[in-house]
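What follows is a single structure, written as structure tokens, with notes after it.
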Amino acid sequence: MTTHPKYIFVTGGVSSSLGKGIIAASLAKLLQAQGYRTTIQKLDPYINIDPGTLNPYEHGECYVTDDGAETDLDLGHYERFLNVPTSQANNVTTGRIYQSVIDKERRGEFLGKTVQVIPHITDEIKHRIQILGNSGDYDIIITEIGGTVGDIESLPYIEAVRQLQWDLGENNALVIHLTLVPYLSAAGELKTKPTQHSVKTLMESGVQADILVCRTEHELSDGIKTKLARFCNVKKEAVIQSIDASTIYDVPNLMLEEGLDKVVLKQLDLNSDQPDLSQWNEFLSRHKNPKSQVTIGLIGKYVELQDSYKSILEAFIHAGAENEVKVNVESIHSEYLSKDNVKEKLSHLDGVLVAPGFGERGIEGKIDAVRYVREHNIPFLGICLGMQMAVIEYSRNILGLDDANSTEMDENTAHPVIALMESQKDVVNKGGTMRLGSWDCNVETDTLAHKSYGHKEIKERHRHRFEFNNDYKAQIEAAGLKATGYNPETGLVEIVEIPTHNWFVGVQYHPEYKSTVANPHPLFVSFVAAALEYKDNK
Ligand code: GLN
């Protein structure tokens, strides 16, 4: 416990995609493992209010918190590393900052003043940064600033950091600058100049980096570290190498070896101790020493982009480690799946996951895939749209409701087995209006879901507008697809299963958001176990 919260700002230089989120999460892990209550916040310099309206091609997966915030996928890393839920306060965008300042202006709260970037926008940023600190729940707040230093749109954030460092006083805040030290193979040398320039750019805004974390493909020699320290005005011990790792889960240990936590705690005038990473390292050792392997097909329409299904891929890593199995995820594009090639594309798989999604593209391929795995007893997990496709497939092919569909895809279908919730019918705006965040679900006993969770009352996160249409429930259940989980207040169906199948589960919610290293998600764990059993019995 600290007497007042300490702040760490993480900025990026030279290039995007250096992995600020992973560095922030790894540092947070090391601090948490020494007893400091740590949280991480992401500031995103774009004008969307949140990434909820962004296409995965633009921004990767949209991550959802318990309190229903649609957020940057880095929050998923924070939760997976720390096993502590994040909230709306952990992700702020320029859009949200401007929206609240403009709302205040309309309410007349600026008393006739001209509203300006400095001080009004920067004050709002400073306020948002300190919300987590002022909550009393945390000793250390790590704030990751999206984008790269020098971007026009990051300027107000950098200015807010400059001001906050003054406001907070010495030893209460520090700046970590994540940069790239490229290797020029023709010269056979690592180059420090881009980092020097990036630190200089930061200094033009009045911010001095305290610690450099240097992404590199080769070891930084002592000489390079000395040079970086000298030119960038930091202590040599504060030049931290971040070498490419085979898994993101190695990064906390790599940062520990480099002493990042020690340098940070020293500069913040806090005690440092040996972090207790025993649970983390047990996970790593199971992850790296699998006893067998399974291949699971991930069927979606954004599979060419790794970040689109980030939380699902990570949940497989957690569940694989738990089962001591390596999970090979084979991406299958739903748009190119059809009745004619489904056997060729799926018959070798040990399990199939049909992914969440929106809109019509690729859904017939998903339906063909569900039919194939249902008829061939291949373990199946359908998430959100994947669950909806399972209900449609069953209605079409078992109940004989030929044009059964979701009203999302066909508004005039004769059999809307998936339909818009009553509360969604009058919704006009697209942003932030879905059924979002954590909802209660009661799980029926003697079901796969109950066996997996081990208890009846669960809470899971949602992000969708359409639902299982209860008008069809009796018919669908009589034909063999059972509803095995309900929202207790609304009676909405949250889980469906086929009890006569090997392992067939569809969930309206997103279990992947809640899977962490410390708490692999029970449904993923039991799905991977089922895939292994299926493979062994083949
Ligand atoms: N498009 C579907 C709906 O809105 C499913 C959403 C999802 O898969 N997240 O209900």
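Taking Cα atoms only, the orientation of helix 385-397 departs from the longest principal axis of the chain by about 10 degrees.
Please grab the % of Cα pairs in region 462-514 that end up more than 18 Å from each other. Display every interim value, and only then the final one.
Values: 450 of 1378 pairs.
In whole percent, the long-distance tail amounts to 33.
Using the 2.2 N^0.38 Å rule of thumb for compact globular proteins, work out how region 6-113 stacks up: its C-alpha Rg over that value, please.
On the way: Rg = 15.7 Å, N = 108, 2.2 N^0.38 = 13.0 Å.
The value comes to 1.21.
Helix 155-168 and the longest principal axis of the C-alpha atoms of the chain enclose an angle of approximately 60°. Amide H neighbours of Arg215 under 5 Å, counting only residues 5+ apart in sequence or on other chains, H built in-plane at 1.01 Å? The list, which skips near neighbours in sequence, is Thr179, Leu180, Val181, Ser242. The Cβ shell under 15 Å around Ile458 holds other residues with a net charge of -4, Lys and Arg each +1, Asp and Glu each -1.
Per residue, region 269-412 exposes 41 Å² of accessible surface when a 1.4 Å probe is rolled over the protein heavy atoms with every protein chain present.
Quick one: accessible area per residue over region 175-267, 1.4 Å probe, rounded to a whole number of Å²? Please report the intermediate quantities before stating the final value.
Details: 4210 Å² over 93 residues.
For region 175-267, the solvent-accessible area averages 45 Å² per residue.
Mean projected area of the Cα convex hull of region 496-538, taken over all directions, amounts to 3.6 nm². Taking every DSSP helix (H) stretch of at least 4 residues in the chain, weighting each as -39,500 (n - 2.57) and dividing the sum by the residue count yields a mean residue ellipticity at 222 nm of -10500 deg cm²/dmol.
What does the convex hull of the Cα atoms of region 182-321 come to per residue, in Å³, rounded to a whole number? List each step's numbers first, then the result.
On the way: hull volume 25.7 nm³, N = 140.
That works out to 183 Å³ per residue.
The value obtained for region 1-47, namely the Cα convex hull volume divided by the number of residues, is 86 Å³ per residue.
Send over a whole-number figure in Å² for the accessible area per residue of region 485-538, probe 1.4 Å.
Values: 1800 Å² over 54 residues.
Computed with neighbouring chains in place, this is 33 Å² per residue.
Evaluated with a Cβ-only charge set (Lys, Arg +1; Asp, Glu -1), the chain carries a dipole of roughly 1020 debye about its Cα centre, given to the nearest 20. The Stokes-Einstein estimate for region 251-403, based on a Kirkwood radius over Cα pairs and taken at 10 °C with 1.306 mPa s viscosity, is a diffusion coefficient of 89 µm²/s.
Could you look at the chain and say what percent of its accessible area is carbon and sulfur, using a 1.4 Å probe and all protein chains?
Details: 10550 of 22330 Å².
Reported share for carbon and sulfur atoms: 47 percent.
When only Cα pairs under 8 Å and 6 or more residues apart are kept, what is the percent relative contact order across the chain?
Numbers: 1113 pairs, mean separation 80.1, N = 538.
Dividing the mean separation by the residue count of the chain yields 15 percent.
Residues whose amide H comes within less than 5 Å of that of Ala69, counting only those at least five positions distant or on another chain, are Gln88 (H built at 1.01 Å from N in the peptide plane).
Extension gain Asn289-Asp340, at 0.36 nm per residue separation less the Cα-Cα distance, in nm? Don't jump to the answer; show the numbers that get you there.
On the way: separation 51, 0.36 × 51 = 18.36 nm, distance 3.82 nm.
Extra length available between Asn289 and Asp340 comes to 14.5 nm.
Just how far, in whole angstrom, is region 191-257 from region 356-423 if you go by their alpha carbon centroids? Region 356-423 and region 191-257 have Cα centres separated by 50 Å.
Protection proxy ranking, highest mean first, for peptides 321-333, 177-189, 373-385: 373-385, 321-333, 177-189, where packing is the per-residue count of other beta-carbon atoms within 10 Å, averaged. Residue-normalised convex hull volume from the C-alpha trace of the chain: 166 Å³ per residue.
Across region 69-79, computed HN-Hα scalar couplings (Karplus, 6.51 cos²θ - 1.76 cosθ + 1.60, θ = phi - 60°) run 7, 8, 9, 5, 5, 4, 5, x, 4, 4, 5 Hz from first to last residue, x flagging Gly and Pro. A simple count of charges around Asp44, restricted to other residues whose Cβ falls under 11 Å of its Cβ and scoring Lys, Arg +1 and Asp, Glu -1, yields -3. With θ taken as phi - 60° and the Karplus curve 6.51 cos²θ - 1.76 cosθ + 1.60 applied, the whole-hertz 3J(HN,Hα) list for region 275-286 is x, 8, 10, 4, 5, 4, 6, 5, 4, 4, 5, 5 Hz, x standing for glycine and proline.
How much net charge surrounds Phe316 when only the other residues with a Cβ under 13 Å from the Cβ of Phe316 are counted, with Lys and Arg +1 and Asp and Glu -1?
Details: positive: Arg80, Lys310, Lys326; negative: Glu314, Glu322, Glu330, Asp350, Glu512.
Surrounding charge for Phe316 is -2.
Per-residue 3J(HN,Hα) values for region 293-300, derived from phi via the Karplus relation 6.51 cos²θ - 1.76 cosθ + 1.60 with θ = phi - 60°, read 9, 10, 10, 10, x, 10, 9, x Hz in sequence order (x marks Gly and Pro).
The values are calculated or read from the model by the stated rules, or taken from the named source; none is laboratory data. This structure is a prediction, so every number in the text was calculated from the model and none was measured. Neighbour counts run over all protein chains shown; Cβ positions are idealised from the backbone, glycine included. Accessible surface is based on the protein model in full, side chains and every heavy atom, while ligands, DNA and RNA are left aside. Shrake-Rupley method; radii C 1.70, N 1.55, O 1.52, S 1.80 Å.
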